[in-house]
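Just so it is clear, none of the values below were taken in a lab; they were calculated from the coordinates. Because the structure is a prediction, the values reported are computed rather than measured. When we count neighbours, we look across all protein chains shown, and the Cβ atoms used for this are built from the backbone with ideal geometry, even at glycine.
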Amino acid sequence: MRKLNNLFYLSLALGSLHANAQQSAIYTDANAKFERAVALYNEQQYGIAQILFDEVRIKNTNDEIQAECAYYIANCAIRLGQDGAEEKINQFVYNYPTSSKQAQAYVDISDYYFKKGMYAESLQYSSKINENILAPAVRERVKFQTAYATFDAKNYNKAKALFTEIKDSEEYGHQAKYYLGYISYSKDEYSQAKEYFGEVADKEKYNEKMGYFKSDMNFKSGNFEQAIKDAKSQLPKATEEEQSELSKIIGESYFNLQQYDEALPYLLAYKGKNGRWNNTDFYQLGYTYYQQKQYNKAIAEFNKIIGGSDAVAQNAYYHLGESYLKSDMKTEALNAFKNASEMSFNTKIQEDAYVNYAKLSYEIGNPYVSVPEILTSFLAKYPNTAYKEEINDLLIDSYITSKNYKEALALLEKNRTPSNKLAYQKVTFYRGVELYGEGKYSQALDFFNKSIAERQDNRFVSRATYWRGEAEYALNRFSDAYNTFKTFSGLPQAEKTPEAKTLNYSLGYAAFKLKNYTNAAQHFDAYTKTASDGAKKNDAYLRMADSYFVDGKYWPAMEAYNKVIDSKTADVDYALYQKAISYGFVGRTDTKIQDLNKFITSYPQSSYADDALYELGNTYANENKNSEAITAFNKLIATYPSSSYVSKAMLRQGLIYYNGKDNTKALERYKKVVAEYPGSPDAVEAVQSARLIYVDSGNTAEFAAWVKNLDFVDISNTDLDNDSFEAAEKQFVQNNNKQAISGFNEYLKTYPTGLNALKAHFNLGELYVSDGQNKNAIPHYEFVLSKSQSEYTEASLMRLATIYLSEKNNEKATSLLKQLEKGASYDQNKLFAQSNLMRIYYDSDDYTSAVAYADKVLANSKSDKRMKGDAQVIVARAAFAAGDVTKARKAYADLQKSSSGELAAEAIYYDAYFKNSDKKYSESNAVIQKLAKDYSGYKYFGAKGLIVMAKNFYGLKDSYQATYVLENVISNFTSYSDVVAEAKAELAKIKSEESKRNSSVK
């Protein structure tokens, strides 16, 4: 509640003279102290003054004195910045509503803050002043201060109203008109601004400030020459900040007048807003350099324009593309023209940019969209373009050059016009070759047939015919393949195709598979006469030799084997072995024995070493050199215990002992075969041979007792067993698969442990696999593997492993593949095991094991191109994942030399990646452009390559290219979430950095 000085009224009522005298002394003392405090306040000694005012207020009961003290105490608190100072002012006003100082309190405080330049605080108090009780001069001052504080707060509408009220004031009118002019200027109301500025133009202190505004208004009104004149006259008088802005006005005015040489120094002198330029600033400087043909400098400015989406940006990106082209930077030009073509602010620029984008895409490839699609889209958008004929020609050719045959076919299928028939013929051919390389032979065959059907270009009819034969061969349709190859040989243009060089090689293999060995030998011989040296020529000699060998033409066979031996390639061991065997057929037994012994000594690790020992033992036996025969067979049994020849060697030893009347040793051998290979055909033969010995010796009871414990022998049913099996086998040989399956199943049902059970199970497995019934095949192969080693063991391991691999049952496949690797007699089977184990370990992230098997595959000279490619990529990926960059670099470099398709795309991507790591940015970009042009079908690595390209551009200080590429990755490759996430992170990092110099970057 408001204070009332009750003590003052009480002292008057008492009328005590003593009190009056005493009170007079107090007042005298208080007045002196009050006057002293006021003097200190005026001297700005606010701290001491405040203390004195407080003492007077406490000791003096006079209401007016107390009000005065409260007023000054509050003012001192404001000036001293004390906490609660504002509250003291408000309390004063509340407690002393009739004080003459009440209005003055807010005026003084507002004025105090205004003079200190603290306009927000001044406005806070001036808004509380009741102007109606102020003197006119004070009212005008308060009004001006309030208007200026409002102006400083950029509340121009309210400030304008306040300045308008005092624009005719004698003291504040000129200032009010100046600020009214500025407000009109800031709102682009140039006519009104000129009117206000004109009224104060004769005032020197305003005239200097208005020079900039006049220049800027003329500039914005399009009066560029006057703007230049005004700005130049103002420059010497301007502050550093104003000089920057005036330089911008002069430079941009010259720019608009197309006087680029004059514009350049002023544009360069501009410092930007808060030290940052915007996209328009960079565009004007870049375009000025472009007009001066300083293309590198133009590029350096244009490429700072990031994320532009207006007419200025479209113009900038178009001329950036032009600058890149002038500098032979086609990859960069592609992106710039693409960007300009996506904006419609200027349709002429848009079409021109699109044309350049389309042509460059055809020339260097496109990492975002297939080239045919770009050209087709252009023609659809601009059907009446002047470039129609030129783009149409490029479209036809682009279907081939892009090598993205899958997408090209999709476009061609939608547009089957007569003019596209030739392109369709070529693309279907190349797509067929592509699918053939991927092992998709049936699909490839369909495309070759489509290509042949078009018959637009005889050369491609011939080529597609040849490859149709290759596909038929791969599908085991050997007769069809042979006939197709023969058809190819008689076609027009066939001799001019690259395939003509290998025709006889392909004919030879088809004939070989048809067991027409005479023709096969002739074709292989013809091929060797024209082929250059190499693996394929060496293989032709080998197959020619085999064909002669099977036809009984041993001397020609040996001559061909000699060619292979002289080549010193991977097949030398096989050729030496076959040559030794051939000597036996021409009556040169001693040479055969000599060569076999030499082979066994020279090639103990060969997959034919056990064959050689077995053949050597048989040859000695046939020459009645029984001791040497027994020795050879013993060496085979001891050195190669897992060989399929071990049981046969034992049988042969048994026969030698039997013929030598040593029945005891003969029986020991036969019984060993039965014990170690129960159920096998060799075991069955061993029982039958032992039976003869027992019969000869009259010990049939002993024989009966022995075989009684053998579950695979039933002597009484032997003939029925054989008859039943032979009936089923006859159907098998005649390729009557359905009847053969039924026959073998019936045999096994009747004789589950019969003499031929093992072979029946294996044959059933083969039949079910050929019929696509893998699940039915599994138990039969498992039966074979459950028995001891036999001639069917290795094949069963292969088949069963293949089935489990197709079912993605890696655990079971791994076990079988390890057995196969350990016991395989044939190198190709061992290689099959190793290559698949390599893939399984890699897929399960066991990189150490994967690399170990990859190294085995790479070290094997018989690994084909695809296997080596898989091995190289696994070594590379595993090394990269393990952080072994050196090994990864080498592995990817090797892969790039030897691979094709997706593996090549991956290798090329890493080539670019490593070059970026080495800061070889331009070289890295060149590699990525190759990836885009030659491997556009492999989108994942193309997308990853673009991120590397963006990093390269940023390393080359081309911010525009870097950000534009990343934005396109984000919008065009949404199916690859990992790539998009990486692109977003890289883009955010670059934009954060670029926003420090370009205010347009958000």
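Here are the numbers for the structure shown:
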{"quantity": "C-alpha long axis of helix 939-955 to longest principal axis of the chain, angle in °", "calculated": "40"}
{"quantity": "Ranking of I250, I630 by count of other Cβ atoms within 10 Å, fewest first", "calculated": "I630, I250"}
{"quantity": "Taking S844, S607 and counting other C-beta atoms within 10 Å, the order from fewest to most", "calculated": "S844, S607"}
{"quantity": "Cross-link pairs beyond the 29 Å C-alpha cut-off, checked among K919/K996; K501/K868; K856/K933; K440/K648", "calculated": "K856/K933; K440/K648"}
{"quantity": "Magnitude of the charge dipole, the chain, Cβ model with Lys/Arg +1 and Asp/Glu -1, debye to 20", "calculated": "820"}
{"quantity": "Inter-probe distance in nm under a simple model that places probes 7 Å from Cα toward Cβ, at E389 and Q124", "calculated": "8.0"}
{"quantity": "Hits among lysines - C-alpha to C-alpha of K496 under 23 Å, sequence gap 8 or more where chains match", "calculated": "K403, K421, K426, K450, K486, K529, K536, K537"}
{"quantity": "Leading residue at positive end of dipole, the chain (Cβ point charges), from L503, I374, T848", "calculated": "L503"}
{"quantity": "Normalised contact order of region 788-899, rounded percent, pairs of Cα under 8 Å and 6 or more residues apart", "calculated": "16"}
{"quantity": "Trypsin sites (Lys or Arg not before Pro) lying in DSSP loop within region 240-311, provided at most 16 other Cβ fall within 10 Å", "calculated": "K271, K293"}
{"quantity": "Whichever lysines have a C-alpha closer than 16 Å to that of K326, once near sequence neighbours (fewer than 8 apart) are set aside", "calculated": "K293, K297, K359"}
{"quantity": "Using distinct alpha-carbon pairs, which all enter the 1/r mean, Kirkwood radius of region 25-221 in Å", "calculated": "18.9"}
{"quantity": "Rounded if a/c under 1.5, otherwise prolate or oblate - region 719-779, Cα gyration tensor axes", "calculated": "oblate"}
{"quantity": "0 to 90° range, to nearest 10: angle between helix 865-881 axis and the chain longest Cα axis", "calculated": "40"}
{"quantity": "Per-residue ³J(HN,Hα) for region 651-657, Karplus 6.51 cos²θ - 1.76 cosθ + 1.60, θ = phi - 60°, Hz, x for Gly and Pro", "calculated": "4, 5, 4, x, 5, 4, 5"}
{"quantity": "Order of M838, M798, M118 - criterion: other Cβ atoms within 10 Å of each residue's Cβ, fewest first", "calculated": "M118, M798, M838"}
{"quantity": "Entries in K304/K388; K944/K989; K167/K194; K818/K944; K338/K930 that, when Cα-Cα distance is taken, lie over 26 Å", "calculated": "K304/K388; K818/K944"}
{"quantity": "Label-point separation in nm, L475 to N415, each point 7 Å along Cα→Cβ", "calculated": "3.1"}
{"quantity": "Kirkwood estimate for region 788-899, i.e. one over the average of 1/r between Cα atoms, Å", "calculated": "14.3"}
{"quantity": "Sorted peptide list for 419-426, 736-743, 903-910, criterion being average Cβ within 10 angstrom, highest first", "calculated": "903-910, 419-426, 736-743"}
{"quantity": "For the chain, fraction of C-alpha pairs farther apart than 36 Å, in %", "calculated": "72"}
{"quantity": "Euclidean distance of C-alpha centroids, region 35-49 and region 938-1002, integer Å", "calculated": "68"}
{"quantity": "Cα-projected label distance for E746 with K330, points at 7 Å along beta-carbon direction, nm", "calculated": "7.2"}
{"quantity": "Per-residue [θ]222 nm for the chain (sum of -39500 (n - 2.57) over DSSP H runs n ≥ 4, rounded to 500)", "calculated": "-24500 deg cm²/dmol"}
{"quantity": "Crossing angle, helix 224-234 versus the chain [Cα axis fit, 0-90 degrees, rounded to tens]", "calculated": "60"}
{"quantity": "From phi via Karplus (6.51, -1.76, 1.60), per-residue ³J(HN,Hα) for region 269-285 in Hz, x at Gly/Pro", "calculated": "6, 6, 9, x, 7, 6, x, 10, 8, 10, 4, 5, 4, 5, 4, 5, 5"}
{"quantity": "Over region 852-956: Rg over Rh, Cα atoms, Kirkwood Rh", "calculated": "1.00"}
{"quantity": "Semi-axes of the equivalent ellipsoid for region 403-486, Cα gyration tensor, largest first, Å", "calculated": "23, 14, 8"}
{"quantity": "Values of log10 I(q)/I(0), in the order q = 0.13, 0.15, 0.16, 0.20 Å⁻¹, for region 526-684 under a Debye, Cα-only, solvent-free model", "calculated": "-0.67, -0.83, -0.91, -1.18"}
{"quantity": "Of M838, S924, N736, farthest towards positive along the dipole that unit charges on Lys, Arg, Asp, Glu beta carbons give the chain", "calculated": "N736"}
{"quantity": "Taking all pairs of distinct alpha-carbon atoms in region 79-176, Kirkwood radius in angstrom", "calculated": "14.0"}
{"quantity": "Charge dipole (debye, nearest 20) of region 348-394; +1 at Cβ of Lys and Arg, -1 at Cβ of Asp and Glu", "calculated": "140"}
{"quantity": "Under-5 Å amide H pairs with N303, H placed in peptide plane, nonlocal only", "calculated": "none"}
{"quantity": "Vicinal HN-Hα couplings computed from phi for region 386-391 (Karplus, 6.51 cos²θ - 1.76 cosθ + 1.60; Hz; Gly/Pro x)", "calculated": "5, 9, 4, 5, 5, 5"}
{"quantity": "Total charge dipole magnitude, region 25-221, about the Cα centre, Cβ charges on Lys, Arg, Asp, Glu only, Debye to nearest 20", "calculated": "480"}
{"quantity": "Among F524, I78, A760 the positive-end extreme of the charge dipole of the chain (Cβ point charges)", "calculated": "F524"}
